[in-house]
Structure formats: C-alpha cells, structure tokens
Amino acid sequence: MSVIEAAATRLDKALSRLESAVDGLFERSGNPSLLRQELSVMMEDRARLAEQLDESLAREKELQSLADEASEALGAAISEVRAALGREGHS
C-alpha cells in the first residue's frame, strides 16, 4: 500500500468516525458542553490527518524525484556500457 493510499484510508476512516460522531451529536444535542468537547476532538483529528496527508504527499514527490534521478543515471550508464561494447567490437 502506498503512502497516499494509506493516508486516504486513514482519512476515510476519520470521515466515518466523524459521521458517527455527528449522528451521536444529534442524539445527545441536549448537552452543549459535550458537543463542544467532541467537536474539538474531531477538529484536532482532522488537522492531524490533514498534516499527515501533506507530509505523505511531500514524501511521495521526494521519492519520485529520487526515482527519476536514478533512472537517468541508469540510462546514462547503460549508454556508456553499450558504447564501450561497440568500441570493443570494432577494434
């Protein structure tokens, strides 16, 4: 599972918990203090998940850049080997 997929899974689970919490809030709407407390927890959870997703996206970009660099270096090395083999064949 990629970092992005893992983050998306966590986000999906958080949204499911949020939906459940909202349903519960409607059932217990008689206690404003409880509502404020639960809302605060959900907002903190959402902020944490958003930060993790941003970090995952940044890491994915970094890894892709490194993969592109490695691919270019490998391509250059292959070209050099082919050129050297070609020179040996003509000697």
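Every number here is computed from the coordinates shown, using simple stated rules; none is lab data. Keep in mind it's a predicted model, so treat the numbers as computed, not measured. Neighbour counts are summed over all protein chains in view; Cβ atoms, including those assigned to glycine, are modelled from backbone coordinates with ideal geometry.
Brief remarks follow.
- Highest average packing first - 49-56, 68-75, Cβ atoms within 10 Å: 49-56, 68-75
- Each Lys and Arg contributes +1 and each Asp and Glu -1, all at the Cβ; summed about the Cα centre of the chain, the dipole is approximately 160 debye.
- For the chain, calculated [θ]222 nm from helices alone, where every DSSP H run of n ≥ 4 adds -39500 (n - 2.57): -34000 deg cm²/dmol
- Mean sequence separation of contacting Cα pairs (under 8 Å, at least six apart), scaled by the length of the chain, corresponds to a relative contact order of 44 percent.
- Shape box of the chain [Cα atoms, principal axes, largest first, Å]: 91, 16, 9
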